[in-house]
Amino acid sequence: MFVATKADHITRDQIPNLVSLMRQIVQEGGRHVEFEGIDTEYTAIAAVRTTKQVIVNQQGKEIKAIQGVRSIDKQLITLYPGTVPSKLRYIMRLIVRFALKVRSQND
């Protein structure tokens, strides 16, 4: 079983993207295991639930967000954690763009 942790740090609707991304990251190893006749599963969990799902109204739009207590000052905060890409190649493109930008700044 392959498990992504800290799933309470994203909104519920992003869990399928997280699982898809994890599946792509471990794809080669997973194929080898499946070839050996071992069943594999992919899931996302939170060992300790530190946030709750909320809907906030931002400029007339309803947005899915998470709410929790910030550990440093114990303040209740609401965050929009963004979206989790469902495709690994999207992340790889971002990494390559970032690396090229850093490289050009260092030249």
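What the table below lists for this structure:
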{"read-out": "Sequence of Thr78, Thr5 once ranked by neighbouring C-beta atoms within 10 Å, starting from the fewest", "value": "Thr5, Thr78"}
{"read-out": "Cross-link reach list, lysines versus Lys6, counting only Cα pairs under 16 Å and skipping chain neighbours closer than eight places", "value": "Lys52"}
{"read-out": "Among Leu18, Leu94, Leu79, residue whose mean-square fluctuation peaks in a GNM of the chain (springs only between Cα atoms under 10 Å)", "value": "Leu94"}
{"read-out": "Of Gly82, Gly60, Gly68, the one that fluctuates the most in a GNM where the chain has Cα springs shorter than 10 Å", "value": "Gly60"}
{"read-out": "Hydrodynamic radius (Kirkwood) for the chain, which is based on Cα pairs only, to one decimal in Å", "value": "16.5"}
{"read-out": "Footprinting exposure proxy for Asp13, Asp39 (fewest neighbouring C-beta atoms within 10 Å first)", "value": "Asp39, Asp13"}
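Quick note: the coordinates plus some simple rules give every number you see, no bench work behind them. Everything numeric here is computed off the predicted structure, so don't read it as measured data. Cβ: placed from backbone, ideal geometry, glycine included. Neighbour counts: every protein chain shown.
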